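The structure appears below as structure tokens.
The values are calculated or read from the model by the stated rules, or taken from the named source; none is laboratory data. Worth saying up front: this structure is predicted, and the values here are computed from it rather than measured. Neighbour counts run over all protein chains shown; Cβ positions are idealised from the backbone, glycine included.
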2 protein chains.
Amino acid sequence: MEKISQACAANHELNDGKDAINNVSVCGYDSLHQLLAQNLKPQIFQEVSRLLLGLNCGKPLQTISLAEPVKSLSLKHGFDLQAFCFHADKESVREPRIVRVGLIQNSIALPTTAPLSNQKRAIFEKVKPIIEAAGASGVNILCLQEAWMMPFAFCTREKGWCEFAEPVDGESTRFLQDLALRFNMVINHIPRVGDFNESTYYMEGNTGHPVFETAFGKIAINICYGRHHPLNWLAFGLNGAEIVFNPSATVGELSEPMWPIEARNAAIANSYFVGSINRVGTEIFPNPFTSGDGRPQHTDFGHFYGSSHFSAPDASCTPSLSRFRDGLLISDMDLNLCRQLKDKWGFRMTARYELYAEMLARYLKPEFEPQVISDPLLNKKAS
Amino acid sequence: MEKISQACAANHELNDGKDAINNVSVCGYDSLHQLLAQNLKPQIFQEVSRLLLGLNCGKPLQTISLAEPVKSLSLKHGFDLQAFCFHADKESVREPRIVRVGLIQNSIALPTTAPLSNQKRAIFEKVKPIIEAAGASGVNILCLQEAWMMPFAFCTREKGWCEFAEPVDGESTRFLQDLALRFNMVINHIPRVGDFNESTYYMEGNTGHPVFETAFGKIAINICYGRHHPLNWLAFGLNGAEIVFNPSATVGELSEPMWPIEARNAAIANSYFVGSINRVGTEIFPNPFTSGDGRPQHTDFGHFYGSSHFSAPDASCTPSLSRFRDGLLISDMDLNLCRQLKDKWGFRMTARYELYAEMLARYLKPEFEPQVISDPLLNKKAS
């Protein structure tokens, strides 16, 4: 078990250590869903799940039973393994388009002080059996977390970490290519991208919001912080994405309340599936750094809380992977659900794109005036 | 207690009536939060609340203690009454800008077969003590639900209900004006607007996304279905809104999974507060109607599940009002939190408005081509 999160540490303090055993049981839980499952009566858990996971009335979420060798890999290597199924209605003209999709979350494998190439190779070694488990489960499309083969070192603002950078066909790509070929999988690979100190390492791109047409469906990648902008999600939707992955690296205190909200909203608003991935663990760096928030210098960025999950266009979602352990989340999804939800809710039809385009064009001009109607009594006071 | 929701009815069926008492206890609950509070140990409930309500690490949500006469009104008239407080950090230059905001949800008061003017007057009578409770609590801005003074009759597509329409200064406005003056409140009044059969009753507007500058802050109204479009929320934000209300009328099977997601996402993405209001109860109409979904004709639109709540720009939210009873939800909010979150996350700064404006302008053209990169192996197959 990883070091407990700062949030849990705060809970410990609040409780004054009066009830240490109970505290540990609250803090050591793997995921919200598991915490509720263990502490609620089955019928109440079912109703709470219905509300939290957005399940259609009364239907429990269907799990997929995985083969024994896959389960053995999970036990042997200690990674969380969960598998679910999103359904769409049967249609009379189109065949179901069921795709099996996987998400992997992982912590780093060696201290950040180890030689960089050793760090990378050790991550390859720990991620390999997880990818093999996905392959053996028949996963068609697999997405790894942001900057999966390195610590999330951008917080340090030190340039030495740039040595993790690779050419497009570098060793990480080749590592994944071999596995992808072996299992006939599409593996999405986000080699590195910055977040909070992004501007120290990268510049904004200008390549738009491309959608990748694979043998298994149209996918897109909304990297990390990109999830905070509803218009990024929209742009992938307008370009025809059916599954959008959000490989991330984010820590508890900062973003955990937003994590389940933004992805589900994107899936609802754009009638596509979303796969959200966050790394796990706490990464300690050799040199202390400050965070511009007045706190004293420290050597870690906080606890990466995992909690990778899938969201569906019908507003449902899967439970999340562990907040502490590596994990593989698998889900079957019938891509027909995307169009079924478009037909049902008509968001694409009712959106006022002309109005929005005009609004944004106006907003960009230096002479932009917000549309404000003031209470006449206020104006009287002011004059 | 209102008729139980269809979702609950479905649960009943699933459970085969084997455990009727337990079923009632699951179905009869007032709100998710209350269900969890009653069934989890306090420490576990605290951690679950932290995750679900997006509270900062370990801090329990602060409630406001209301005066005895207000509580008496709630008891006497049987409406749910809850009051909370959102905090912002103290600043050194700006004073706190604390506003007390209220939301009211209500069911109808007479059968839909009663004379229309009697129906309206009976709703006035039942809503009046709730508004008085808000006034006596010092609420500054109060928002009622969509079409609060009538049944949500749009589902019938019958034109007779148009008689509920009023001029801008009609009796509902005057009723609220008197109370607003008496309590020095801003009361937002949405006299009528359509939803699912909207096109039978209304046309789309072309008045943009106005923000109203009141004595207590800049507010805006995103009516009902408007909440499904992230760009509506964005437009209110660009026009400077600090609180956006979403007066709604929506039923369980259809939208309950989306209800807590869309409002919270809007508050996060646009760094403002959101007040979400939904009516309660099941409304039976004299003439049966069909819903275009193959189900046989029926006389109700489903259960309006209430669950009104506030969301804050820091991703936190209040628990929701009852799923079954009328209710008044009050919250203090320091409007400085809006700018604090803008400063913290920088969404306004990092949004790529030029890119989005260009994307939308392109999307509007008949020759629009989505940006799709196809797997070369796919192309080979096709050619």
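If I ask for residues that are away from chain B (no Cβ under 13 Å) and at pLDDT 90 or above, which ones from the range A:178-190 would you list? Correct list: A:Asp178, A:Leu179, A:Arg182, A:Phe183. Based on what the data block shows, is A:Pro286 surrounded by fewer than 18 Cβ atoms within 10 Å (Cβ to Cβ), at pLDDT below 95 and away from chain B (no Cβ under 14 Å)? Answer is yes for this residue.
Taking the range B:329-371 as the range and being of a type in the set (A, V, I, L, M, F, W, C), part of a loop (DSSP other than H, G, I, E, B) and over 30 Å from B:Leu81 (Cα atoms) as the test, the residues that pass are B:Ala351, B:Phe368. Any residue that is assigned by TED's automatic domain parsing to the domain that holds A:Ala109, at pLDDT below 90, within 30 Å of A:Asn270 (Cα to Cα) and of a type in the set (Lys, Arg) - is there at least one of those in the range A:191-206? Yes; the residues of the range A:191-206 include at least one that is assigned by TED's automatic domain parsing to the domain that holds A:Ala109, at pLDDT below 90, within 30 Å of A:Asn270 (Cα to Cα) and of a type in the set (Lys, Arg). Number of residues in the range A:70-91 that are assigned to a strand (DSSP E or B) and among the small types (Gly, Ala, Ser) equals 1.
Here B:Glu146, B:Glu166 are screened, and the one residue that is crowded, with 22+ Cβ neighbours inside 10 Å and either outside any helix (DSSP H, G or I) or small (Gly, Ala, Ser) (or both) is B:Glu146.
When B:Ser291, B:Ser307 are checked against the criterion of being touching a residue at least 60 places away in the same chain (Cβ under 8 Å) and more than 18 Å from the chain's Cα centre (by Cα), a single residue qualifies: B:Ser291. All of (1) surrounded by 13 or more Cβ atoms within 10 Å (Cβ to Cβ); (2) within 14 Å of another protein chain (Cβ to nearest Cβ) hold for A:Leu81 with one exception: (2).
Give me a count of the residues in the range A:52-66 that are facing chain B (nearest Cβ under 7 Å) and either at pLDDT 90 or above or surrounded by fewer than 20 Cβ atoms within 10 Å (Cβ to Cβ) (or both).
Count: 2.
Every condition in (1) part of a helix (DSSP H, G or I); (2) touching a residue at least 60 places away in the same chain (Cβ under 8 Å); (3) basic (Lys, Arg) is met by A:Arg94 except one, and the failing one is (1). Among the residues of the range B:289-316, those identified as more than 14 Å from every other protein chain (Cβ to nearest Cβ), crowded, with 24+ Cβ neighbours inside 10 Å and farther than 30 Å from B:Gly240 by Cα are B:Phe301, B:Phe304.
Of the listed requirements (1) assigned by TED's automatic domain parsing to the domain that holds A:Glu213; (2) in contact with a helix residue (DSSP H, G or I) (Cβ under 8 Å, 6 or more places away or on another chain); (3) more than 19 Å from A:Thr173 (Cα to Cα), A:Leu52 misses just one: (1).
With respect to B:Ala134, is the statement that it is aliphatic (A, V, I, L, M), within 29 Å of B:Phe216 (Cβ to Cβ), assigned to a helix (DSSP H, G or I) and touching a residue at least 60 places away in the same chain (Cβ under 8 Å) true? Yes.
Taken over the range A:353-365, the criterion of being in contact with a His (Cβ under 9 Å, 6 or more places away or on another chain) and at the interface with chain B (Cβ under 7 Å from one of its Cβ atoms) is satisfied by A:Tyr356, A:Met359. Within the range A:200-244, the set of residues being in contact (Cβ under 8 Å) with a residue 24 or more places away in the chain, under 30 Å from A:Asp293 (Cβ atoms) and either more than 9 Å from chain B (Cβ to nearest Cβ) or of a type in the set (Val, Ile, Thr) (or both) comprises A:Thr200, A:Tyr201, A:Ile221, A:Asn222, A:Ile223, A:Cys224, A:Arg227. In the set (1) at pLDDT 85 or above; (2) within 12 Å of another protein chain (Cβ to nearest Cβ); (3) part of a helix (DSSP H, G or I), the condition left unmet by A:Ser172 is number (2). Small (Gly, Ala, Ser) and either under 11 Å from the mean Cα position of the chain (by Cα) or buried (at least 24 other Cβ atoms within 10 Å of the Cβ) (or both): is that true of B:Ala266 in this structure? Judged against the criteria, B:Ala266 is a match. I'd like to check something: does the range A:100-108 contain any residue that is part of a helix (DSSP H, G or I) and surrounded by 17 or more Cβ atoms within 10 Å (Cβ to Cβ)? Checking the range A:100-108: not a single residue is part of a helix (DSSP H, G or I) and surrounded by 17 or more Cβ atoms within 10 Å (Cβ to Cβ).
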